[in-house]
Every structure is written in structure tokens, then in C-alpha cells.
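Working notes, structure below.
Values in this text are rule-based calculations from the coordinates and carry no lab data. The structure displayed is predicted, hence computed values, not measured ones. We place every Cβ from the backbone using ideal geometry, glycine too, and count neighbours over all the protein chains shown.
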Amino acid sequence: MTNMTEKIIVLVTCGSMKEAKGLAGALVEARLAACANIFTAPVESVYRWKGRVERAKEFLLLVKSTRKRFAALRREVERLHSYDVPEIIALPIADGSTGYLRWLGESVQPKRKQR
């Protein structure tokens, strides 16, 4: 691997399609994510919550960002998400096409203020 990157994919599950779309839009608009893919077919989640095994239909987001922007992205997901403890898991992108990785990095750069 010659291009180990600082780019990441963040997994976020949402309880509804409306929430997934709203969260994806907010993250891209705030330049915390370059792109967010929404799995439109729900995933079935099985998890332990408050001592019980639960099942739920959820919508999965694949959010592309950078390690540098992750803390702000996490805070925004926590602020906007309906869950008490939302899933926010960052995975490294080890390598990828040069053009795409460049675009990803440029897309999450904070806007410069006009003077």
C-alpha cells in the first residue's frame, strides 16, 4: 500500500429514511463529509440495549470524510441524531483512486471566509 490515507468511511445507522437523508445532507452541507451514501433498503440490526436483545430496521449511511474532520462530524451526528447512543464508527481508507481521494479531501475543507 503506497497511499495510506487520512481519509475515512464513517458508518452511521438511522431509525428512518427521513433521518438518514437529513443527516447526510447536513454533514455534506457543513463540509464534514464529502459524500454520504444511503442504503435505501433497510438493514436489520440485532443488538443488546438496556439488558435486552432488540431488533430494528435501520438505514445505513456510509459517510466519506477525513480523520481531521471526524471529531466535528461525530459531534454533529450526536447533536442531530434521534438515538441516545448513535452508531458512529470510523474505518480507515487504506488506498483509493488518486482523483477521488483528492476530491474527498478538497470537499471537506472548511470554507475560507471572504475578506
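What residue among 43, 101, 13 has its Cα farthest toward the positive end of the dipole of the stretch 1-104, where the charges are +1 on Lys, Arg and -1 on Asp, Glu, each on the Cβ? Farthest towards the positive pole: 101.
Give me the dipole magnitude in Debye, nearest 20, for the chain about the Cα centre, with unit charges on the beta carbon: positive for Lys and Arg, negative for Asp and Glu.
Computed about the Cα centre, the dipole is about 520 debye.
I'd like the antiparallel share, as a percent to the nearest 5, of DSSP beta bridges with both residues in the stretch 7-107. Around 100 percent antiparallel, to the nearest 5. Here, the chain is characterised by an Rg to Rh ratio of 1.02, where Rg is the alpha-carbon radius of gyration and Rh the Kirkwood radius. The helix-based estimate of mean residue ellipticity at 222 nm for the chain, built from -39,500 (n - 2.57) per DSSP H run of four or more residues and divided by its residue count, is -10000 deg cm²/dmol to the nearest 500.
Partner aspartates and glutamates whose Cα lies under 17 Å from the Cα of residue 50, excluding those fewer than 8 positions away in the same chain, are identified as 84, 87. Ranked by the mean number of other Cβ atoms within 10 Å of their residues, highest first, the peptides 37-49, 4-16, 69-81 come out as 4-16, 69-81, 37-49. Of all lysines in the structure, those lying under 19 Å Cα to Cα from residue 57, and not within fewer than 8 positions of it along the same chain, are 18, 21.
Does a label point 7 Å from the Cα of residue 80, set along Cα-to-beta-carbon, have any residues of the stretch 91-105 with amide nitrogen under 19 Å, and which are they? Counting only backbone N, you get 91, 104-105.
What's the FRET efficiency of residue 95 with residue 38 using the Cβ-Cβ distance as r and R₀ = 22 Å, to the nearest 0.05?
Efficiency, from the Cβ-Cβ distance: 0.35.
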